[in-house]
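Inspection log for the structure reproduced underneath, given as structure tokens.
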Amino acid sequence: MVSAASVAQRPDAPATPPAGDVVAAVDDLRVTFRRNGKNVHALRGVSLSIAPGEIVGLVGESGSGKSVLGFSMLGLLGAAKTGGTVQVCGTDMLTGAARQLRKVRRLDLGAVFQDPMTSLNPTMRIGKQVEEVAGSSEEALKLLTAVGIPDPARRMRAYPHELSGGLRQRVMIAIAVAGDPELIIADEPTTALDVTVQAQVLALLQRLRAEIGCSIVLITHDLGVAAQIADRIAVLYAGRIAEIGPTADVLATPAHPYTHGLLQSRLTLETARDRPLAAMAGQVPSPTAPLPGCAFVPRCELARAECSATPPDPILVAPNRLSACIIEPTQMRTELAGVIAAETDEYAARAEIDVEQPAAVDVRSVTKAFTVRRRWLDRSGTKQGKLQALRGVSLTVAHGESVALVGESGSGKSTLLRIIAGLENATTGEVELAGDQRPQMVFQDAGASLTPWLSVGELIGERLRSTTMSRTERKDAVAAVLERVGLPQDVVRSRAAQLSGGQRQRVSLARATVIPPQVLLCDEPTSALDVSLAASVLNLIGELRRGLDMSVVFVTHDLSVARVVADRIAVMYLGRIVEIGPAEDVIGRPTHPYTQALVDAIPDLGRDCRVLAGEPASPLSPPTGCAFHPRCPIAIDTCSNTELDVRLEGIPGSPHQVACIERKAR
């Protein structure tokens, strides 16, 4: 845990809403949807107030009701059956007339959603879309300038697909604040963004709060993100409030076992690398069949008989703090500390790296250029251009080694992975695999990579058809691999849509390893999972790597994940590796300015993240010299020299190498 002093209360907003002075007041809110003939109880008696100028973070796993609570404040619940009240700026958003709700949404509310591409009209230029809410092109230009979009006059003529994810999210924020709203609902606004862009968006939301005095409801599954800007945190679980209180207090001394579990499951830059990751067992219960008592009972290490009798309401456990747990907070933390210490006490030996055997993967001077039509990118005509995705990448992965590839979107991580997998051909250079065995790949979205009409047994059994196994032997092999990845045998008849996100990712790993590969390629396999599920999947990947004696190449934008899953980390920027070395060295003692910027931007509990200015350059026309020099805080004139060719260098005999003329590997 972090100390209360290390997460300072924001000085420019109240810790709790003063009585009678609120922008929004939710009282005993109950929301039920009808889906496939069943009642889905999304919210079950939620009460929450938001003060003027306050930022409240709503956190919890998928299915906890965070987004439904946000949509209720926007008055966008549709045909749901509701109970209780939701007052926003004096209007009941559940029972108000449609005309009045539209007026409140236009004048008093703003919304920022996770994927701006689904919110922005792809057929309209950015300027026209902002102008619709701003009233004039002049006001639209002022808004785009206010949210920090570079060269806003030119961006106004662009279409949404021509902007990066970070710029699109800034456009959405500009639209949200156009009418000087009293309240902004930000639903996972940073989830799909790189850590550097995430830091920019969080800083922007905090600045806008200070400038226009609006309140913000920040919906997120990442406690580190909430810690950066939230004044209070409300933890939701299975449609009810588990805990609510000032950010510093909730993070330092959680008062509910669920909050404690979320904090323990979250990876940080200090997480032990030689122990199994703490992960909560089980998952959020189905909202179609709510439990009669506390919904957390099946997953709670401290559950008593009385916990199953009736759902506990949040009660005051400290000044300005509520918790829906019958166990006194100090006692709860003491008992849980002993349980978690016992669960993670087992030493998780690092896999053995065998440098005597041929390298599992040997990438030599690989380049990859894609042909694109420039008219789709800059409207300048139909002339074709070359997008330089990889620019001379060399990488060796030893037998049994795990290497993580990190960097912002567009750095070439996934392209390199696809070339190693044989899904793309390199333009120049070579890729050599030990034994010429094709690697197996696990993707970010397991649901999209699993054939929806096949059962789990059929999906895994497909890979065994080319073997000489009999039908009985194939059935036994499927059962064995399901046990190895921690899935019950009864899922063999289930289809992907019937499984949770964590279960689908385990099926992907089972399919990839039913015939043990020499190399497992993982492309952001945990980025779409809640923290507890992500920890369990990472534990499983480590167990499979050790048990099957295989190498792993792991793509991620999360440096905390890279640090625990990899032996070495390779940092990529605009198609090149700019730093590579032992994971602990690269994260703990970053040498390249870009690596340092990535580490500084991580939203962690108890420290402020620093913002890396600017956007990555286009791979259609990368900068001369060092590609990072336009954003680099220590760049000198030589860094932009057209004849400069920055190569990885290091101390002789050291595995740590850096491509920077100003800094050398240590």
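Beta bridges per DSSP, both residues in region 437-577: antiparallel share near 25 percent.
Computed on the chain, with alpha-carbon pairs under 8 angstrom and 6+ residues apart, the relative contact order is 13 percent. With contributions of -39500 (n - 2.57) from each DSSP H run of at least four residues, the per-residue ellipticity at 222 nm computed over the chain stands at -8500 deg cm²/dmol.
Sorted largest first, the spans of the alpha carbon positions of region 502-589 along the three principal axes are 36, 29, 23 Å. Of all beta bridges that DSSP places with both ends in the chain, some 65 percent have antiparallel geometry. Taking the convex hull of the alpha carbon positions in region 43-133 and averaging its projected area over all directions gives 7.5 nm².
Accessible surface of region 100-258, 1.4 Å probe: 49 percent of it comes from carbon and sulfur atoms. Figure note: Arg170, Arg484 ranked by solvent-accessible area, largest first, 1.4 Å probe, ligands and nucleic acids not counted: Arg484, Arg170. Extension gain, Arg493-Ala153: 0.36 nm per intervening residue step, less the Cα-Cα distance, totals 116.8 nm.
Taking all protein chains together and a 1.4 Å probe, the residues Lys81, Lys386 rank Lys81, Lys386 from largest to smallest accessible area. May I ask for the net charge around Arg333, where only other residues with Cβ less than 14 Å from the Cβ of Arg333 are counted and Lys, Arg are +1 while Asp, Glu are -1? In short, -4. Taking a ≥ b ≥ c as the square roots of the eigenvalues of the Cα gyration tensor, region 218-315 is oblate, since a/c reaches 1.5 or more and a/b is not larger than b/c. Across region 386-513, what fraction of all alpha-carbon pairs, as a whole percent, falls in each successive 10 Å bin from zero upward? Bins of 10 Å from zero give 11, 35, 30, 20, 4, 0 percent of pairs. Just to be sure I understand the curve: with the Debye formula and one point per C-alpha of region 438-505, what is log10 I(q)/I(0) at q = 0.11, 0.13, 0.22, 0.28 Å⁻¹? One equal scatterer on each Cα of region 438-505 leads to -0.25, -0.36, -1.03, -1.42. Taken over the alpha carbons of region 6-161 as equal point scatterers, the Debye sum produces base-10 log I(q)/I(0) values at 0.09, 0.11, 0.17 Å⁻¹ of -0.40, -0.60, -1.15. Rounded to the nearest 10 square angstrom, Glu615 shows an accessible area of 50 square angstrom against a 1.4 Å probe.
The label-point distance for Ser470 and Arg663, in a model that sets each label 7 Å from Cα toward Cβ, rounds to 6.2 nm. Put Ser286, Ser508 in order of accessible area, highest first, and with a 1.4 Å probe you get Ser286, Ser508. Using the Cβ of Glu430 as centre and a radius below 12 Å, the other residues enclosed give a net charge of -1, where K and R count +1 and D and E count -1.
For His161, the solvent-accessible surface with a 1.4 Å probe is about 90 Å², rounded to the nearest 10. Rounded if a/c is under 1.5, else prolate if a/b is larger than b/c, else oblate: which is region 31-95, with a ≥ b ≥ c the root eigenvalues of its Cα gyration tensor? In terms of gyration-tensor shape, oblate.
Sites listed here are GluC sites (Glu not before Pro) in region 565-666 whose DSSP assignment is loop and whose Cβ has at most 15 other Cβ atoms within 10 Å: Glu643, Glu662. For each pair in Lys103/Lys142; Lys38/Lys103; Lys38/Lys66, compute the distance between the two Cα atoms and list the pairs where it is over 29 Å. Check vs 29 Å cut-off fails for Lys38/Lys103. Between Ser500 and Gln357, the distance separating the two model label sites (each 7 Å from Cα on the Cα→Cβ line) works out to 3.4 nm.
When the label point is put 7 Å from the Cα of Arg106 along its Cα-to-beta-carbon vector, which residues of region 171-208 have a backbone N closer than 15 Å? Residues 178-181 fall inside that zone.
Extension gain for Thr330 to Arg546 (0.36 nm times residue separation, less C-alpha to C-alpha distance): 73.9 nm. A 1.4 Å probe run over the protein chains yields, for the chain, 43 Å² of accessible area per residue, whole-number rounding. Ile149 contributes about 10 Å² of solvent-accessible surface, heavy atoms of the protein only, 1.4 Å probe.
Express the carbon and sulfur contribution to the solvent-accessible surface of region 536-662 as a percent, rounded to the nearest whole number, probe 1.4 angstrom. Within region 536-662, the accessible surface is 48 percent carbon and sulfur.
Relative contact order for region 249-300: 35 percent, from Cα pairs under 8 Å spaced at least 6 residues apart, divided by residue count. Need one word for the chain: rounded, prolate or oblate. Basis is the Cα gyration tensor (sqrt eigenvalues a ≥ b ≥ c); a/c below 1.5 gives rounded, then a/b vs b/c decides. The shape class here is oblate. Only aspartates and glutamates eight or more places from Lys368 in sequence, or on another chain, were considered; those with a Cα closer than 12 Å are Glu424, Glu430. Membrane-span-like helices of the chain, defined as complete DSSP H segments with a Cα extent of 15 Å or more along the helix axis and a mean Kyte hydropathy of at least -1.0, are identified as 165-176, 195-212, 329-343, 471-484, 501-513, 531-548. In region 406-462, the portion of solvent-accessible area held by carbon and sulfur atoms comes to 44 percent [1.4 Å probe, whole percent, DNA, RNA and ligands not counted]. Multiplying the residue separation of Asn36 and Thr145 by 0.36 nm and subtracting their alpha-carbon distance yields 34.6 nm. So what is the relative contact order for region 566-634, in percent, with contacts set as C-alpha pairs under 8 Å and at least six apart? Reported relative contact order: 25 percent.
Based on the Kirkwood radius over alpha-carbon pairs, what is the Stokes-Einstein translational diffusion coefficient of region 567-618 at 37 °C with 0.692 mPa s viscosity, in µm²/s? Answer from the Stokes-Einstein relation: 275 µm²/s. The modelled label-to-label distance between Asp313 and Phe370, using points 7 Å beyond Cα along the C-beta direction, is 5.6 nm. For region 199-269, the spread of Cα coordinates along the three principal axes comes to 37, 30, 20 Å, biggest extent given first.
The values are calculated or read from the model by the stated rules, or taken from the named source; none is laboratory data. If you're wondering where the values come from, they're calculated on a predicted model, not measured in any experiment. Quick reminder, even Gly has a Cβ in these numbers, built from the backbone with ideal geometry, and neighbours come from all protein chains shown. Areas reflect the complete protein model, heavy atoms only, side chains present, ligands, DNA and RNA absent. Shrake-Rupley method; radii C 1.70, N 1.55, O 1.52, S 1.80 Å.
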